[in-house]
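Reading through the structure tokens given below for one structure.
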Amino acid sequence: MAATRSLSSETKLTTDEISQQIVTDINKGVLGPGEWLKQIDLERRYACTRVKVRDALTNLHSKRLVEHIPNRGYRVPMLDSDRIRQVGEVRALLETHAAIDVINCATDADISELRTLAEAFRDAAYHGSSFAQIEANYAFHSKLYGLCQNEILREMMLDLRQRGPAAPVGQWQTMAQLQRATQDHFDLVDAIEKRDLNLLQSRIANHIRGKSAPPEE
């Protein structure tokens, strides 16, 4: 018979820590695509309360990192290569258009903040958890596209970045991919600082497609 957990052991993890554990297990393949995230199983896995599991799942669903199926529960998003490609195509159209506002509206203070956020992502890439990487990536892109003056376009871009199987979970499978994403962020900031719209648009498109940034002319 399994030992009964004490109340203190059930409540030592915070909601954010449980969210982080779930994301880490998804990235590692412990929780596979399409797998149902049963609250009773997660409660046992992470030795925490049902309330904290529910809050963690709500948190992850708000970021589109897990799916919620009405009357059934939460599950790991299914991997759909066609959908990922289609979302990427739409993102490239929207984000390269938003680059016009980014170039025109970014102040020196904005550029400095973007560089700081790029450094935060680099730190998370080398020293942080999967969840920390996702949070740092989202913070960078939220600031970047917060410079877009079209509110509807801004909302659509941020929503698509987190949509279903195109969400960040699992997109950085290797350190090389993390290093490339890290460099991409600095390259985007450099293009903004140069006020070079064509370069920024090219780098945004390549960042979305996972390609290396083109060299400067």
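Using a 10 Å cut-off around each Cβ, can you sort SER202, SER142, SER19, SER81 from fewest to most neighbouring Cβ atoms?
By the 10 Å Cβ count, ascending, the order reads SER81, SER142, SER202, SER19.
Name the aspartates and glutamates eligible as straight-distance cross-link partners of LYS194: C-alpha to C-alpha under 14 Å, and not fewer than 8 places from it in the same chain.
Within the straight-line cut-off, LYS194 pairs with ASP108, ASP110, GLU216, GLU217.
How would TYR46, TYR126 line up from fewest to most surrounding beta-carbon atoms within 10 angstrom?
The most exposed by this proxy come first: TYR126, TYR46.
Per DSSP H run of n ≥ 4, the term is -39500 (n - 2.57); total these for the chain, divide by its residue number, and report the mean residue ellipticity at 222 nm rounded to 500 deg cm²/dmol.
It lands at -21500 deg cm²/dmol.
Compute the long axis of helix 15-28 from its Cα atoms, compare it with the longest principal axis of the Cα atoms of the chain, and write down the angle in degrees, 0 to 90, nearest 10.
Value to nearest ten degrees: 80.
Work out, in µm²/s and without decimals, the Stokes-Einstein translational diffusion coefficient of the chain at 10 °C, 1.306 mPa s, Rh from Kirkwood over C-alpha pairs.
Here the translational diffusion coefficient equals 86 µm²/s.
Given Cβ point charges of +1 (Lys, Arg) and -1 (Asp, Glu) and nothing else, what value in debye, to the nearest 20, does the dipole of the chain about its Cα centre take?
Charge dipole, the chain, about its Cα centre: 1000 debye, nearest 20.
Angle check, please: helix 50-62 long axis (alpha carbons) against the longest principal axis of the chain (alpha carbons), in degrees 0 to 90, nearest 10.
20
To make sure I understand the rule: partners must be lysines, Cα under 17 Å from the Cα of LYS12, and not fewer than 8 residues away in the same chain. Which ones qualify?
Qualifying lysines at Cα under 17 Å: LYS52.
Sort 94-102, 33-41 by the packing proxy (mean of other Cβ within 10 Å over each peptide's residues), most packed first.
94-102, 33-41
Test of understanding: what is the full-extension gain from LEU158 to ALA47, defined as 0.36 nm times their sequence separation minus their Cα-Cα distance?
Taking LEU158 through ALA47 to full extension adds about 36.6 nm, to one decimal.
Quick one, what does Rg over Rh come out to for region 81-209 if you take C-alpha atoms and the Kirkwood Rh?
For region 81-209, the value is 0.93.
Give the angle, between 0 and 90 degrees and rounded to the nearest 10, that separates the Cα long axis of helix 197-209 from the longest principal axis of the Cα atoms of the chain.
Helix 197-209 sits roughly 30 degrees off the main axis of the chain.
Taking LYS63 as the anchor, which aspartates and glutamates have their alpha carbon closer than 16 Å to its alpha carbon, excluding any fewer than eight residues away along the same chain?
ASP16, GLU17, ASP55, GLU135, GLU155, ASP159
Could you tell me which of rounded, prolate or oblate describes region 6-116, using a ≥ b ≥ c as the square roots of the eigenvalues of the alpha-carbon gyration tensor, with rounded for a/c under 1.5 and, failing that, prolate when a/b is larger than b/c and oblate otherwise?
oblate
Each value in this text was obtained by applying a stated rule to the coordinates, not by laboratory testing. None of the values given here were measured: they were computed from a predicted structure. As a convention, Cβ positions derive from the backbone with ideal geometry for all residues, glycine included, and neighbour counts pool all protein chains shown.
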